[in-house]
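Contents: one structure, followed by commentary.
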Amino acid sequence: MKKKSLGAIFMDGLLFQNPILVQMLGVCSSLAVTTSLINALGMSAAVIVVLICSNIAISLLRKIIPDQVRIVSYIVVIAGFVTIVDLLMQAYLPSLADSLGIFIPLVVVNCIILARAEAFASKNGVIASAVDGIGMGLGYSVVICIIAFVRELIGSGTILGYEVFGGYYQPSSLFILPAGAFIVLGCTIACYQAVRNRKAARKEALK
Amino acid sequence: MSEENVLQEKHGKNSSPFLDFAHFKTALILLLITGVVAVLLGVTNGMTKEKIAAIAAEKADAARKAVLPTASVFTDLEYTSDNVLSIYEARDGSGALIGFAVETGAQGFGGTVEQIVGLRVTGANGAYSLSVSGVSLLDISDETPGVGSRVSSSGFLKQFEGMTAASLAESFDAVSGATYSSEGVRAGVEAALDLAGRIIQNSGGIVK
């Protein structure tokens, strides 16, 4: 495998290998927390921090962890690590824990974290793994914020809790309910694929 | 070290798993990893336990103050009843009883709606009356986000202020589309009024 530049690793996470749009990872959490933009922002912050740190930790331990028990070891390391951060946050940064607290336990079981540990951090150096964590984390964040923006706007008529239509709009609660999450996610993936296909077709035509 | 190499050569990676030193080593490393993580977790828990408990107690006190701002001391009466998790009597700076702060948990749509209800005691000797001074929600995470969670809107919660057991029984406005969650809030307020009323009655209507 050819070594990729850090920029390419970052762009892979953000765009070309986007965890939600391409890898279809972490879909469950992205559907559940996107009822409002503020929730999505909280979840984004939690995922980015945990992903970077777990990638670094797994990358550091990659030579020690035996192959046969790697998945178990990843889960133990990640869950233990996140719980420690969660406890420290509750004790010393209570206001931050208030806004992020409910997302932290969700992040531990987010499959993006485990997938990046298995697919990337266990095979690459510390710096590359950290960059991968940033890229994948941002890729996830951008998508859930888009979904949350659309769902909150149509479903509640608000953005970050502020009324935007001045009361003339009757919100459609379908978009707040789980069905709306699937519809918005599907449309987002369709748009992404359409743009990608068009770009690919143009490249093909130039050849 | 040399013995291990010999064994590994003899068995290889895909040989029988029985009594294989390589497997033993794998198990040992896994044990080591889980052990280190467990110790770290234990140490962190020990370090943060008291601090977290203190913050939680402070938060609970602030929540009680939010529904009964004039109170300065809350004492747990250690009573419970249907839908009531705990009840605190509230006294002002001079030690006179001014009301109760009641934590309730009544069935909503998806689970229990946990809230704190402030009750004000008014009236003089023998003729006390209870009215709601405020309601604030503690945990409505089991209610549907964006639907049942709308009971947290200030307009809905404000209507309870000033209500007595009689006026609550008469009428209240549920949030449209969130009838069950609204009912959870209402049932909590009702249970709080009921228990506090019984406590006053049992003390002969005379509350010091």
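Suppose we keep only residues that are open to solvent by less than 30 Å² (accessible area, probe 1.4 Å) and within 14 Å of chain A (Cβ to nearest Cβ) within the range B:147-178. Which one would you say is nearest to A:Arg151 (Cα to Cα)?
B:Val147
Return a yes/no flag: does the range A:63-80 have any residue that is outside any helix (DSSP H, G or I), more than 8 Å from every other protein chain (Cβ to nearest Cβ), open to solvent by 30 Å² or more (accessible area, probe 1.4 Å) and among the hydrophobic types (A, V, I, L, M, F, W, C).
no
Only one residue in B:Ala101, B:Ala166 is assigned to a strand (DSSP E or B) and without any contact (Cβ under 8 Å) to a residue 40 or more places away in the chain, so which one is that?
None of the other options fit; the residue is B:Ala101.
Answer with yes or no whether A:Ile84 is among the β-branched types (Val, Ile, Thr), free of Cβ contacts under 8 Å to residues at least 12 places away in the same chain and either in contact with a Pro (Cβ under 9 Å, 6 or more places away or on another chain) or open to solvent by 30 Å² or more (accessible area, probe 1.4 Å) (or both).
yes
Tell me, which residue of the range A:87-109 that is open to solvent by less than 70 Å² (accessible area, probe 1.4 Å) and modelled with pLDDT of 80 or more is nearest to A:Ser44 (Cα to Cα)?
So, considering only residues that are open to solvent by less than 70 Å² (accessible area, probe 1.4 Å) and modelled with pLDDT of 80 or more, the one nearest to A:Ser44 (Cα to Cα) is A:Val107.
Return the residue satisfying two criteria in turn: it lies in the range B:30-59 and is β-branched (Val, Ile, Thr) and surrounded by 15 or more Cβ atoms within 10 Å (Cβ to Cβ), and of such residues it is nearest to A:Gly80 (Cα to Cα).
B:Val37
Mind checking whether some residue in the range B:112-119 is in contact (Cβ under 8 Å) with a residue 60 or more places away in the chain, of a type in the set (S, T, N, Q) and in contact with a Lys or Arg (Cβ under 8 Å, 6 or more places away or on another chain)?
no
Let's see how each residue does on (1) facing chain B (nearest Cβ under 10 Å); (2) out of contact with any Phe, Trp or Tyr (no Cβ under 8 Å at 6 or more places or on another chain); (3) touching a residue at least 24 places away in the same chain (Cβ under 8 Å):
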{"site": "A:Ala32", "(1), (2), (3)": "yes, yes, yes"}
{"site": "A:Leu41", "(1), (2), (3)": "no, yes, yes"}
{"site": "A:Cys53", "(1), (2), (3)": "no, no, yes"}
{"site": "A:Leu60", "(1), (2), (3)": "no, yes, yes"}
{"site": "A:Val107", "(1), (2), (3)": "no, yes, yes"}
{"site": "A:Asp132", "(1), (2), (3)": "no, no, yes"}
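Here are B:Phe74, B:Phe100: which of them is more than 23 Å from A:Asp98 (Cα to Cα), modelled with pLDDT of 90 or more and either open to solvent by less than 60 Å² (accessible area, probe 1.4 Å) or of a type in the set (D, E, K, R) (or both)?
B:Phe100
Check B:Glu89, B:Glu114 and return the single one that is over 24 Å from A:Pro94 (Cα atoms), assigned by TED's automatic domain parsing to the domain that holds B:Glu161 and surrounded by 15 or more Cβ atoms within 10 Å (Cβ to Cβ).
Sole residue among the options that is over 24 Å from A:Pro94 (Cα atoms), assigned by TED's automatic domain parsing to the domain that holds B:Glu161 and surrounded by 15 or more Cβ atoms within 10 Å (Cβ to Cβ): B:Glu89.
Just one of (1) in a helix (DSSP H, G or I); (2) open to solvent by less than 20 Å² (accessible area, probe 1.4 Å) trips up B:Leu119, so point out which.
Unmet condition: (1).
Among the residues of the range A:14-29, are any open to solvent by less than 50 Å² (accessible area, probe 1.4 Å) and within 14 Å of chain B (Cβ to nearest Cβ)?
Yes, that holds for at least one residue.
The values are calculated or read from the model by the stated rules, or taken from the named source; none is laboratory data. Quick caveat, the model's predicted, so the values are computed rather than measured. All Cβ positions, even for glycine, are placed from backbone atoms using ideal geometry, and neighbour counts span all protein chains on display. Note: accessible area is taken over every heavy atom of the protein model, side chains too, but ligands, DNA and RNA are not part of it. Shrake-Rupley method; radii C 1.70, N 1.55, O 1.52, S 1.80 Å.
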